[in-house]
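Structure record follows, encoded as structure tokens.
The values are calculated or read from the model by the stated rules, or taken from the named source; none is laboratory data. Model, not experiment: these values are computed from the prediction. We place every Cβ from the backbone using ideal geometry, glycine too, and count neighbours over all the protein chains shown.
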Amino acid sequence: MLPGMDSRSTILPSQPLVSVVILNYNGKRWLKPCLESLKRQTIVESMEVIVADNASTDGSDQLAADLLRSWPGAKFVQNGGNFGYCEGNNLAAREARGRFLFFLNNDTLMAPNCMEVLLRAMRDTGAGAGSPQILNYQDGMLQGYGRSGFDPLGYYLGQWDPLPGNRLFIAPGCAYCIRTDTFRKVGGFDPEFFMYVDETDLSWRVWISGEDIITVPEAKLFHWGGGATVQNNASASEQPISTTLFARFHGNRNSLLVFLKNAQHLLLLLALMHLACLAMEAIVLCLISGKCKEVGGTFMKSVTDLWRLRHHVLRERAKLASIRRRSDFWMLRFLHPLKLAQVETAAWILRAGLPRLRN
């Protein structure tokens, strides 16, 4: 039981306080240190740990099963295919019994009191979702808190300082904690997203449904970033700045899908603004990479695929209408009219260099 929880909140012994869901796909490099940091949590006896595998081919599925075999309250689930981040996590969440769900990337380490501090803050504030402070796995420097809001072009602004009340617009997907009843109420992760921008979509629905999202700076978590795509023998300094056609397709399509699904009326205009900006991005990347056919084709595919999803969008909008408690006008508090997220991106490119396009 979490320290400070009164008798009225007592959890049945058979129900864990939190179910930690770790989705694994070829993450052999990361699993053991990640699980060891979970074992060091101050409330480990109140935790259920579920490692769900998306049909890994590097032996990490067997490694996960072996590491969990003697751990009470832990289980290994083989999903039986690569269902992506979204449906892979949904399948694991169906096995979960905790009052909270904590979706954790395997390329992470947690400070020993991270889970306790995070859950106490969520309990005290009544937040529907929350996340810890994210630090770099490599050097311990601040990686960020998530996203504070969106700009007039439909891009999301990084959050480097806690907002009043520790409010957070989008919790980072590497360490996303959400009440189980809230997760089920808003429909979980959208399987059509597969991966990328999924935490953005989920966070929109959490806010729209009347719940709040917070960040807890006192809870510390270390995240590598892109661990699923890092070679197992790569060193900390070997993180090339790059993008892929796969990431471009899902990132472009899903960022537009967020607005089409979740905007009520006024904020649908952001979809048009964002579409124009994504077209400009494609032109710039075409000039940088020299792969105009591939880049242009990927951009067009990401846009035209929205037509395939038109019925899905209409169904999701109808579902959301039934639980909507906050209008587009209310959501305007997250609009930053005088800031542009692409200024942050440009500054990052000036420091780190132009990105490379990989297949």
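Only one of L68, L104, L63, L109 is of a type outside the set (K, R), in the same structural domain as E36 (by TED's automatic domain parsing) and buried (at least 21 other Cβ atoms within 10 Å of the Cβ); which? Show your work before the answer.
On the way: L68 fails: buried (at least 21 other Cβ atoms within 10 Å of the Cβ); L63 fails: buried (at least 21 other Cβ atoms within 10 Å of the Cβ); L109 fails: buried (at least 21 other Cβ atoms within 10 Å of the Cβ).
It is L104.
Condition check: within 30 Å of Y137 (Cβ to Cβ), in contact (Cβ under 8 Å) with a residue 12 or more places away in the chain and out of contact with any Lys or Arg (no Cβ under 7 Å at 6 or more places or on another chain). Does H250 satisfy that?
It is true that H250 is within 30 Å of Y137 (Cβ to Cβ), in contact (Cβ under 8 Å) with a residue 12 or more places away in the chain and out of contact with any Lys or Arg (no Cβ under 7 Å at 6 or more places or on another chain).
With the condition kept exactly as written, say whether any residue in segment 193-200 is among the polar types (S, T, N, Q), over 14 Å from S131 (Cα atoms) and assigned by TED's automatic domain parsing to the domain that holds S37. It would help to see each step written out before you state the result.
Step one: filter segment 193-200 for residues among the polar types (S, T, N, Q), giving 200.
The next check asks that each one be over 14 Å from S131 (Cα atoms); those that pass are none.
No: segment 193-200 contains no residue that is among the polar types (S, T, N, Q), over 14 Å from S131 (Cα atoms) and assigned by TED's automatic domain parsing to the domain that holds S37.
Is there a residue being in a loop (DSSP other than H, G, I, E, B), of a type outside the set (S, T, Y) and modelled with pLDDT under 95 anywhere in segment 30-53? Spell out the reasoning first.
Taking segment 30-53 first, the residues in a loop (DSSP other than H, G, I, E, B) are 40-43.
Within this subset, residues satisfying the condition of being of a type outside the set (S, T, Y) are 40-41, 43.
Next, from what is left, pick out any that are modelled with pLDDT under 95: none.
Taking every residue of segment 30-53 in turn, none turns out to be in a loop (DSSP other than H, G, I, E, B), of a type outside the set (S, T, Y) and modelled with pLDDT under 95.
Quick grid of which residues meet (1) in contact (Cβ under 8 Å) with a residue 24 or more places away in the chain; (2) farther than 25 Å from R253 by Cα:
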position	(1), (2)
A111	yes, yes
E116	yes, yes
M141	no, yes
Y156	yes, no
I170	yes, no
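Considering only segment 292-319, state which residues are touching a residue at least 12 places away in the same chain (Cβ under 8 Å) and among the β-branched types (V, I, T). Spell out the reasoning first.
Of the residues in segment 292-319, the ones touching a residue at least 12 places away in the same chain (Cβ under 8 Å) are 294-296, 298-299, 301-303, 305-306, 309, 312-313, 316-317, 319.
Within segment 292-319, V295, T298, V303, V313 meet the criteria.
Quickly run through segment 283-330 and pick out the residues that are among the aromatic types (F, W, Y) and farther than 19 Å from L266 by Cα. Break it down stepwise before answering.
So in segment 283-330, the residues among the aromatic types (F, W, Y) come out as 299, 307, 329-330.
Residues satisfying the conditions are F299, W307.
Considering segment 118-135 alone, what residues qualify as being over 16 Å from the mean Cα position of the chain (by Cα) and either more than 27 Å from S46 (Cα to Cα) or crowded, with 19+ Cβ neighbours inside 10 Å (or both)? Step through it out loud before you land on a result.
Keep residues of segment 118-135 that are over 16 Å from the mean Cα position of the chain (by Cα), which gives 118-127.
Matches in segment 118-135: L118, L119, R120, A121, M122, A127.
Being hydrophobic (A, V, I, L, M, F, W, C) and buried (at least 21 other Cβ atoms within 10 Å of the Cβ) is the filter; apply it to segment 44-57 and report the residue that is farthest from G84 (Cα to Cα). Lay out the reasoning, then the answer.
Of the residues in segment 44-57, the ones hydrophobic (A, V, I, L, M, F, W, C) are 44, 47, 49-52, 55.
In the following step, the residues that additionally are buried (at least 21 other Cβ atoms within 10 Å of the Cβ) were identified as 47, 49-52.
Values: M47: 25, V49: 20, I50: 16, V51: 14, A52: 11 Å.
This residue is M47.
Would you pick out the residues in segment 138-165 that are out of contact with any helix residue (DSSP H, G or I) (no Cβ under 7 Å at 6 or more places or on another chain) and charged (D, E, K, R)? Before you say what the answer is, go through the steps one by one.
At the first step, the residues of segment 138-165 found to be out of contact with any helix residue (DSSP H, G or I) (no Cβ under 7 Å at 6 or more places or on another chain) are 138-148, 159-165.
Answer for segment 138-165, where residues must be out of contact with any helix residue (DSSP H, G or I) (no Cβ under 7 Å at 6 or more places or on another chain) and charged (D, E, K, R): D139, R147, D161.
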